[in-house]
Amino acid sequence: MSILITGGTAGMGYHCATALARQYPDRRIVIASRSNADNASDRINKALNQNNVEYLRLDLGSLAEVRAFVKIWADRNYSPIEYLLLNAGLQFPGEPEYTVDGFEKTFAINHVGHALLFSLLLPHLAHTARIVITSSGTHDPAQKTGMPDAIYNTAEELAHPRGESLKYPGRQRYPTSKLVNMLWGYALETRFKKLRESNVRNWTVVMFDPGLMPGTGLVRSGNVIERFIWFSLLPKILPLLRALMYPNIHTPAESGGSLAWVAASDEVQNTTGVYYEGKKEIKSSELSYNKEKQEDLWEWTVNNIATNPEEVEVFSLKRLG
């Protein structure tokens, strides 16, 4: 069996991949990211005295690159995927930026690329497989994280901002993308439930909030001051931040361990369609349970990542090969 984690070359993803590799020395662990400057797979293998971790380049900001990634996966005939961790994410604090496919980058990287990756990997998922989607507490206004409230009207508005939505600050697009992760996860569970009931597939999906993790690559697109505060100052005062501001603040190693636990612990293998804050199951935002918005996102996503009617049928989970 294989385990695939996006964004597994640094930060929380790196620590999660390390924990999973330690737990499953007989599994192929593939870490997928746009770059691997620090040779993460080699470092993990050396640290564990194993050779079961490897790196495969993945650019979630390009639909063509995602398709190329899955073609390589198929050509290499990797074993079926038991755990698929859709973990990578970015935020762009300035004016809207767009991918080569014309989608707003935050929405594209944090959702569209992952949705296409999942859809193309359907034939490569094991009969019993677990999907873990990294979201964030920032999607929920009730958590008062200090980020702007998520705004979801339609998926089309997020993909191609027009009019008033062009004025939304960059910091607001990130919480919205994390709400999108929740909406898509619940839409997946609606369809997975039907597959389980008919014994077509035994697939589960859960969403995960790692908490605030100063020092990770999330703010690498910020300005000089933002990067200094995020990378140099905040990691040194985590206990103070927990005490004075917000308890859900962790090191990447702590959150990476929690992500690995949510994905592969025997204690939670039967949970599905739920949301975890670290290792604690909690309720997500009120808006995330909105069925109309879940279905708007689902239909838009399928119709915009599929290239032909056959893919529409497969990607919508109406037909599996």
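The values are calculated or read from the model by the stated rules, or taken from the named source; none is laboratory data. A quick note: this is a predicted structure, and the numbers were derived from the prediction, not measured. We place every Cβ from the backbone using ideal geometry, glycine too, and count neighbours over all the protein chains shown. Please note that ligands, DNA and RNA were not included when accessible areas were found on the heavy atoms of the full protein model with its side chains. Shrake-Rupley method; radii C 1.70, N 1.55, O 1.52, S 1.80 Å.
Bridging of Lys178 to aspartates and glutamates at a Cα separation below 12 Å is possible for Asp140, Asp149, Asp209, once same-chain residues fewer than 8 apart are set aside. Heavy-atom accessible surface of Trp298, to the nearest 10 Å², is about 10 Å², with a 1.4 Å probe and all protein chains retained. Figure note: Thr204, Thr128 ranked by solvent-accessible area, largest first, 1.4 Å probe, ligands and nucleic acids not counted: Thr128, Thr204. Computed from label points 7 Å out along Cα-Cβ, the spacing between Ser316 and Asp149 is 3.4 nm. Note on the chain: with a GNM built from Cα contacts shorter than 10 Å, the maximum mean-square fluctuation among Ile31, Ile151, Ile282 falls on Ile282. Exposure check, 1.4 Å probe, all protein chains in place: Tyr78 carries approximately 20 Å² of accessible surface. The value of relative contact order for the chain, using C-alpha pairs under 8 Å at least six residues apart, is 20 percent. Surface calculation, 1.4 Å probe, protein heavy atoms: Lys194 sits at approximately 140 Å² accessible. Residue-wise HN-Hα couplings along the stretch 37-51, as the Karplus relation 6.51 cos²θ - 1.76 cosθ + 1.60 with θ = phi - 60° gives them from phi, are 4, 9, 6, 4, 4, 5, 5, 5, 4, 5, 5, 9, 6, 10, 9 Hz; Gly and Pro carry x. Where a ≥ b ≥ c are the square roots of the eigenvalues of the C-alpha gyration tensor, would you call the stretch 1-90 rounded, which needs a/c under 1.5, or, failing that, prolate if a/b is larger than b/c, or oblate? The shape class here is oblate. With the simple model of a label 7 Å out from the Cα in the direction of the Cβ, Glu295 to Arg57 spans 4.2 nm.
Applying the criteria of a DSSP loop state and at most 15 other Cβ atoms within 10 Å to the trypsin sites (Lys or Arg not before Pro) of the stretch 149-189 yields Arg162.
When the alpha carbon gyration tensor of the chain is reduced to an equivalent ellipsoid, the three semi-axes, largest first, read 27, 25, 19 Å. Gain on full extension, evaluated as 0.36 nm per residue between Arg22 and Leu48 minus their Cα-Cα distance, stands at 8.7 nm. If only the Cβ of Lys and Arg carry +1 and only the Cβ of Asp and Glu carry -1, the dipole of the chain around its Cα centre is close to 640 debye. Within the same chain, lysines fewer than 8 places from Lys318 are excluded, and of the rest, those with a Cα less than 25 Å from its Cα are Lys71, Lys193, Lys194, Lys291, Lys293.
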